[in-house]
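For reference, the structure discussed in these notes is given below.
The values are calculated or read from the model by the stated rules, or taken from the named source; none is laboratory data. These numbers come from a predicted model, not from an experiment. All Cβ positions, even for glycine, are placed from backbone atoms using ideal geometry, and neighbour counts span all protein chains on display. SASA here: full protein model, heavy atoms, side chains in, ligands and nucleic acids out. Shrake-Rupley method; radii C 1.70, N 1.55, O 1.52, S 1.80 Å.
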Amino acid sequence: MAFLACGRSDLQLIEEPAPPGPGSLAPQLSPAAGGGLYLTWIQPRPEGGHAVRLAARRDGMWGAASTIVETDSLFANWADRPGVTELADGTLLAHWLARTAGATYAYEIRLAHSRDGGLTWGPPVVPHGDRSPVEHGFVSASPLGSGGALLLWLDQRESLGLEEGKSRMTLRGTLAGADGGVAPDTRVDDLVCDCCPTAMAVTASGVVAAYRDRTEDEIRDIAVVRWTPAGWSEPRVASADGWRYAACPVNGPALSARGDSVALAWFTAGGDDPRVLLARSTDGGRSFGPPVRVDDGRAEGRADVLLLAGGDVLVSWIRGAPPRGEVRLRRVGRDGTPGRVWAVTPDEAIPARSFPRLAQAGGDLVLAWREAGEPGGIRVARVRVPD
């Protein structure tokens with residue numbers, strides 16, 4: 001089935017049959033070797049609880065779904081998505097969240113490895129040394145050429161002992177080996193936004209990560225850190241938007257990299273002007289140029305970004321207001337010139353509180369989103385964008 005954006009034939013959304021079932025949520029796309037693509041999602045079970053499921057797209061076709069984990073203790077929500085990372089030796093590393101005893105929002109990160117393409121999974125391990133009954137989540141993972149993966153997440157352990165209603169969320173990271181081993185975790189930033197997703201991308205000179213920072217007086221701008229074998233860099237604010245917001249917007253940044261070229265997209269409402277911005281780096285994320293605005297008004301955010309081979313950038317975001325919205329897409333030239341805005345999905349077709357995902361699989365651009373309504377569920381389509 002094909003949908004035409006804005007009633008014109010210059011952009012096409014061609015739906016692909018994909019395994020997620022009714023009620024599925026939290027789609028995540030990640031690259032597979034040979035130009036393939038992995039889709040992970042959360043699937044409610046008829047008997048209660050949830051499963052984390054996986055499907056692979058190869059040669060333009062989606063294969064059958066497999067189950068990574070199914071349990072009554074899965075912490076399932078629309079924003080904190082499970083995912084899969086393919087390591088250098090072909091091992092798959094999955095991550096998800098599991099509830100623990102002690103509090104309503106007490107949960108930990110679980111990791112598991114598969115060496116047969118996701119058919120079977122080893123025993124789960126917890127990557128963080130802290131086992132306190134607090135929040136650990138919003139994981140980003142990137143494969144390392146030397147083997148294993150770099151992990152980054154939000155960690156609430158330093159809230160223990162604070163007065164009721166106070167929270168001190170930190171950013172922490174570690175290395176996970178292909179053999180199942182995990183290094184001791186380290187603190188990367190001592191105060192960050194409580195529930196905005198993190199992002200990571202591999203550059204030619206190391207791994208760059210982005211997240212929503214938080215100051216003591218509630219400025220919540222986007223910060224960037226870099227990782228090399230020497231360790232983590234000091235955090236730097238990518239753009240001083242000055243967004244003061246005394247709550248979590250659940251609106252994290254997105255990253256894409258090729259070589260040492262990096263594209264960073266994010267939402268801000270600094271100056272009471274909700275907008276989606278794009279900034280670029282040519283030095284592996286050490287510095288970013290001035291941002292350009294890519295939205296066309298009524299921005300809800302939840303952006304994703306894709307840096308194309310020729311240097312152009314595609315940015316997707318949600319336009320509208322809760323409870324419904326639509327996915328919009330814009331191409332920005334390598335010189336920073338914004339192109340036309342496309343309405344990719346019909347108005348009010350998706351929940352405004354969701355994270356549509358954009359990825360490249362070989363020569364195809366693929367979009368995954370959650371359809372609004374009951375029971376709703378994940379839909380996947382190939383996007384044809386003109387030059």
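Tabulated values for the structure
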{"quantity": "Charge dipole (debye, nearest 20) of the chain; +1 at Cβ of Lys and Arg, -1 at Cβ of Asp and Glu", "calculated": "640"}
{"quantity": "Accessible area, probe 1.4 Å, largest first, for residues M169, M200", "calculated": "M200, M169"}
{"quantity": "Candidates T91, T100, T215: whichever shows maximal mean-square fluctuation once the chain is modelled as a Gaussian network with Cα springs under 10 Å", "calculated": "T215"}
{"quantity": "Highest-fluctuation residue, P274, P229, P338 considered, GNM on the chain with Cα pairs under 10 Å", "calculated": "P229"}
{"quantity": "Sites matching trypsin sites (Lys or Arg not before Pro) across segment 315-387 that sit in DSSP coil, with at most 13 neighbouring C-beta atoms within 10 Å", "calculated": "R334"}
{"quantity": "Listed values [x] 1.30; [y] 0.92; [z] 1.05, entry calculated as Cα Rg over 2.2 N^0.38 Å", "calculated": "[y]"}
{"quantity": "Extended-chain gain in nm, criterion 0.36 nm per residue less alpha-carbon gap, E371 and D130", "calculated": "83.1 nm"}
{"quantity": "Rounded to whole Hz, the Karplus (6.51, -1.76, 1.60) HN-Hα couplings of segment 243-258, x for glycine and proline", "calculated": "7, 8, 8, 8, 6, 9, x, 6, 8, x, x, 9, 10, 8, 9, 9"}
{"quantity": "Ranking by accessible area, most exposed first, for D312, D221 with a 1.4 Å probe", "calculated": "D312, D221"}
{"quantity": "Gained length - L119 relative to R384, 0.36 nm times residue gap less alpha-carbon distance", "calculated": "92.2 nm"}
{"quantity": "Gain upon complete extension [E47, T104; 0.36 nm per residue less C-alpha separation]", "calculated": "18.3 nm"}
{"quantity": "Label-point separation in nm, A246 to S167, each point 7 Å along Cα→Cβ", "calculated": "1.6"}
{"quantity": "Candidates D335, D296, D130, ranked by Gaussian network fluctuation over the chain, Cα under 10 Å, top entry", "calculated": "D335"}
{"quantity": "Over segment 103-160, relative contact order from alpha-carbon pairs under 8 Å, at least 6 apart, %", "calculated": "31"}
{"quantity": "Å² of accessible area per residue within the chain, as computed with a 1.4 Å probe and no ligands counted", "calculated": "40"}
{"quantity": "Calculated from backbone phi, Karplus (6.51, -1.76, 1.60) coupling profile of segment 277-290 in Hz, x at Gly/Pro", "calculated": "10, 10, 10, 10, 10, 10, 10, x, x, 5, 8, 10, x, x"}
{"quantity": "Solvent-accessible area, 1.4 Å probe, carbon plus sulfur percent, for segment 320-387", "calculated": "43"}
{"quantity": "Per-q log10 I(q)/I(0), segment 101-140, q = 0.29, 0.32 Å⁻¹ (Debye; single scatterer per alpha-carbon; no solvent)", "calculated": "-0.98, -1.07"}
{"quantity": "Dipole axis of the chain (+1 Lys, Arg; -1 Asp, Glu on Cβ), positive-most option in L278, S146, A98", "calculated": "L278"}
{"quantity": "Heavy-atom accessible area order for R187, R81, largest first, 1.4 Å probe", "calculated": "R187, R81"}
{"quantity": "Integer Hz, Karplus 6.51/-1.76/1.60 couplings in order for segment 213-224, x for Gly and Pro", "calculated": "7, 8, 9, 4, 9, 6, 7, 10, 9, 8, 10, 10"}
{"quantity": "Percent carbon-and-sulfur accessible area, segment 257-305, ignoring ligands, DNA and RNA, probe 1.4 Å", "calculated": "46"}
{"quantity": "Dipole moment magnitude, nearest 20 debye, segment 229-387 about Cα centre, only Lys, Arg, Asp, Glu C-beta charged", "calculated": "120"}
